[in-house]
1. When Lys and Arg each count +1 and Asp and Glu each count -1, what net charge do the other residues less than 13 Å away from A:Asn535, Cβ to Cβ, add up to?
2. Starting from the Cα of A:His361, step 7 Å toward the Cβ, then list every residue of region A:274-294 with an amide N under 17 Å from that point.
3. Using the Cα gyration tensor of region A:411-582, with a ≥ b ≥ c the square roots of its eigenvalues, what is the shape: rounded (a/c below 1.5), prolate (a/b larger than b/c) or oblate (neither)?
4. Give me the distance in nm between label points sitting 7 Å out from Cα along the Cα-to-Cβ direction at A:Thr312 and A:Gln29, one decimal.
5. Modelled label-to-label distance, A:Thr77 and A:Thr422, 7 Å Cα→beta-carbon offset: nm?
6. Dividing the convex hull volume of the alpha carbon atoms of chain A by its residue count, what do you get in Å³ per residue?
7. Using +1 at the Cβ of each Lys and Arg and -1 at the Cβ of each Asp and Glu in chain A, identify which of A:Leu367, A:Phe472, A:Leu443 lies farthest towards the dipole's positive end.
8. What's the extension gain from A:Leu284 to A:Gln340 if we count 0.36 nm per residue and subtract their Cα-Cα distance?
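No value in this document is a laboratory result; all are computed from the given coordinates. These numbers were taken from a predicted model, which means no experiment stands behind them. Here the Cβ positions follow ideal geometry from the backbone for every residue, glycine too, while neighbour counts run over all protein chains shown.
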Amino acid sequence: MNIVQLIREAVADSIKNLYLESDNNLDFQINQTKPEFEGDYTIVLFSLVKALKKSPEMIGQELGEALIKKNPELFDTFNIIKGFLNLTITDAYWKSLLLKNHNDICFGKQAMNGEKVMVEYSSPNTNKPLHLGHLRNNFLGWSVAEILKASGYEVLKSCIVNDRGIHICKSMIAWQLYADGATPESTHKKGDHFVGDYYVKFNDVYKAQIAELIASGSTEADAEKQAPIMQKTQQMLQDWEAGVPDVMQLWQKMNGWVYEGFDVTYKSIGSNFDKTYYESNTYLLGKDIVQEGLEKKVFYKKEDGSVWIDLTADGLDEKLVLRKDGTSVYITQDIGLAKQKYDEYKIDQSIYVIGDEQNYHMKVLKLIAQKLGLPYADDIYHLSYGMVELPTGKMKSREGTVVDADDIVAEMKATAQQHTETLGKVKDFEANELIDLYETIGLGAMKFYLLRVDPKKKMIFNPEESIDFHGFTGPFIQYTFARINSILRKEPNFKATPSNETFLKLEKEVIYNLEQFGGIIMESAKTLNPSVLANYLFHLSKSFNSFYTEHSIGNAESEDKKNLRIQLSMMTANVLKNGMQLLGINVPNRM
RNA sequence: GGUUCGGUAGCUCAGCUGGAUAGAGCAUCAGCCUUCUAAGCUGAGGGUCAUUGGUUCGAAUCCAAUCCGAAUCACCA
């Protein structure tokens, strides 16, 4: 149990003993005491004033005395300022917390709770390489999965690959028309980039053909339909669905190239999945559910044979769920896949990490599932995140303003190398150690940068100002860890003993922050928000760094002081390392 | 037009289940390396929390209206 919970129970208990006979709990707030006042935690008394019909000062006095009398091991002193009861926690409490947990690598993690969650993220298209937006998605998905694990869930990471459809045929057609047999090998290109180039090529040609048609008198809408390259693409999609061997072969070949490229990218960012779904296998799913919906009269059929659901009563529109030719649409497939996930893994919750542009779609998905009375309907959760934008606006693949994932990762590593070399602290590193280090720092900076802001907000990425390595950044936290490590290396035989020292202000701040780790994990898990954790780790690092500069650890004033400070250092190192791990970020032993 | 989300320091963001004088980082300025790693530490300046009204002991936080921005409202996925 964390300290806020302890305080809450103690206060509730004392209120009951002092003022109430019945069991009705009064609501009160516990805050961290502001630095300008004396104390650790603060009970806000105003909410009690009305119910107890006493002045805040009197409640504070009585409550404070009762708390100390009843819980002398927890509360040391108290003071009352206006309506605030500031409580100081005993050094004994902090010291025993520290002694017990300083070397516990599981500190802050929860026991398994028996629930199973699937987190779906990444969801790439196989017609172009991953970009910065995918990175935010990947890092978020990964981190949320890890955070959920740490708070007691069994987690499955899954990925749905959009490997079929008109957009895939576009790059296939362009390759067929313009590649002249070129391959990733023959051009020395990474497969996903190679295929992506033909997707761009398609759009260039398509645009030119539209312009030509418009110039010769077509309307824009007609031109878009009649452009020869688009017609070929439509034909190819039909051939694909019919299973024409040539087309299937080409499709497999080009997708193979893309997967090779993706593998490299995923490996380089440290991402993987427990289960990968392919849309080419799932796009027919959901049709039986449509039938079921018709029988339950949740759906209805129009004269032309298309099937719809009316969501106007819920403030949405009428949505198509099956085309008149009997083929399924996006939403139908998604309902089918949701069912498959549930049937296959018996999951208690299904989290979809998808951009906020799909808020409407996901709302419809959940609503349809609910109306159909599907058992997992309420457990569908859309973790919606904002787009990554450039200072100039949205990234557009057609305008070449996309920040490529491989490029940015490479750039971050290079920047890490450059910074490190400038500082000149790694002269004794082996070559392969250096490569690891640059990767750890570069990726750490990148991941932290994308995870430190609230996922649901859109964020602006300025490629001109490269990602920082100072201040509120991944490397700052990594550096703090490396410094601690450098101290601990000198104390290989350290064995903690109970301390008789009292905490100095900066020492107290560190243990105070450390205590919160478990609560922070729980909050990040509850809100599916890694930025809570990122902010916490930064805050903890700052507090440790202040302590570190002010007080010597290795040459402490006494052996007992040293014992206490090494415990503080060890526990900080553990929390930083485990916390960063939950963000998908490694920490180096030296940097 | 409907729906949803957002607007806090020059910039990027915390804080939003109402609580004490609104916080970080970057940038700017001034200090700190002969002692555990200066990717660090200490300090200064910088705010009409979009606007207006309401709720209350108390509002950046809740409510309403307005202004600005974004997403979405496809027989695309």
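1. My count for the surroundings of A:Asn535 gives 0.
2. Zone members listed by number: A:277-286.
3. Judged from the Cα gyration tensor, region A:411-582 comes out oblate (a/c at least 1.5, b/c at or above a/b).
4. For the pair A:Thr312/A:Gln29, the computed spacing is 4.5 nm.
5. Distance between the two pseudo-spin positions: 4.7 nm.
6. 212 Å³
7. Positive-end residue among those listed: A:Phe472.
8. Details: separation 56, 0.36 × 56 = 20.16 nm, distance 1.19 nm.
Gain in length upon complete extension: 19.0 nm.
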